[in-house]
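As structure tokens, the structure follows; a few thoughts come after it.
The values are calculated or read from the model by the stated rules, or taken from the named source; none is laboratory data. None of these values were measured; they are calculated from a predicted model. Glycine gets a Cβ as well: all are built from the backbone with ideal geometry, and neighbour counts include every protein chain shown. Keep in mind that these areas ignore ligands, DNA and RNA; they rest on the heavy atoms of the full protein, side chains included. Shrake-Rupley method; radii C 1.70, N 1.55, O 1.52, S 1.80 Å.
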Amino acid sequence: MSVDKKTALTIFPFCRQDDLARPDISNRSIETLLKNLLRSSPCSVGILVNCNNYQGHSARFQGQATGFLPDRPYRVIVFFFGGPDDREALAFAMNMIRNPSVFVTLVRFRGPASLPSDGVIDYYNYVERHEFLDDELVDNFRLNVNAMYDATLIYKEVEVKDCGETIWAIRSLYVDYDLMVVGRLQITDSNIIPGLAIDWDDCEELGASGNTVTSLDFGAESSILIIHQSVS
């Protein structure tokens, strides 16, 4: 279907708990389907986790629709660490800017590691090459921020030294957003990626950061979209 319709992105709805509405479908079957989709999809894949499904008693969302409403903006926050999946996540959010009701906030996390002091990039170095591509896309977003001169686009840069500080920063930032967008896999300083230093007993298809922000312990109330860029 993706090939026939020339689809750029396939959205896969994912439930972190047993799907009571469909008792004939097991979590194992859903995870197997998702794993096959990630492996064989000709286009990028977005894993959509609607946290309202299992945070139903949240006062903020009781009686409220989670889609577009004419009298309020739809607020999107993108957490950016680095790598192809994060760039795809940011590109997706930048496409949403075309809708005047969508407000996008980009938060870029930086760790203690940095490029060589002379600023020279080794394009044959895998990590440095991706850092260069990351900078290009983020700079493009920042140009849009400077051109808009309003609250529609916001850019924030957060320096963290370990995954504990990253988790604290995310917890303090994601409140009051309708959609959180993250990349599935990251290419950056592994010390600042939540989940890599913890033995998560969760779905590996969501990636380390995806498992972190969708965890029940994390308490996210917004919907979460985890983006995986196709390499085919």
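Here region 86-97 is the region considered, the condition is being open to solvent by 10 Å² or more (accessible area, probe 1.4 Å) and touching a helix residue (DSSP H, G or I) at 6+ places or on another chain (Cβ under 8 Å), and the residue that is modelled with the lowest pLDDT is I97.
Suppose the filter is at pLDDT 80 or above and either over 21 Å from R184 (Cα atoms) or among the small types (G, A, S) (or both); does K6 pass it? The answer is yes for K6.
D134 meets all of the listed conditions (1) more than 15 Å from the chain's Cα centre (by Cα); (2) modelled with pLDDT of 90 or more but one, namely (1).
Within the option set P23, P42, being at pLDDT 80 or above, farther than 30 Å from N146 by Cβ and part of a loop (DSSP other than H, G, I, E, B) holds for one residue only, P42. The condition of being modelled with pLDDT of 85 or more, open to solvent by less than 20 Å² (accessible area, probe 1.4 Å) and small (G, A, S) holds for only one of G195, G183, that being G183.
Within region 46-53, does at least one residue satisfy the condition of being buried (at least 18 other Cβ atoms within 10 Å of the Cβ), closer than 27 Å to S190 by Cβ and modelled with pLDDT under 85? Scanning region 46-53 turns up at least one residue that is buried (at least 18 other Cβ atoms within 10 Å of the Cβ), closer than 27 Å to S190 by Cβ and modelled with pLDDT under 85. Within region 213-232, the set of residues being part of a helix (DSSP H, G or I) and within 12 Å of G183 (Cα to Cα) comprises V213 only. Going through region 74-89 one residue at a time, which ones are under 15 Å from E131 (Cβ atoms) and in a strand (DSSP E or B)? Selection gives F80 alone. Annotation note: Cβ proximity below 6 Å between a residue of region 139-154 that is closer than 16 Å to V102 by Cβ and in contact (Cβ under 8 Å) with a residue 24 or more places away in the chain and a residue that is hydrophobic (A, V, I, L, M, F, W, C) and open to solvent by 60 Å² or more (accessible area, probe 1.4 Å) (sequence gap 6+ or interchain) occurs for T152/F103.
Rundown of residues vs (1) open to solvent by 60 Å² or more (accessible area, probe 1.4 Å); (2) at pLDDT below 85; (3) assigned to a helix (DSSP H, G or I), yes/no style:
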| position | (1), (2), (3) |
| --- | --- |
| S117 | yes, yes, no |
| V120 | yes, yes, no |
| L143 | yes, no, yes |
| Y155 | no, no, no |
| S172 | yes, no, yes |
| N191 | yes, yes, yes |
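For T214, the conditions (1) open to solvent by less than 10 Å² (accessible area, probe 1.4 Å); (2) at pLDDT 85 or above all hold with the exception of (2).
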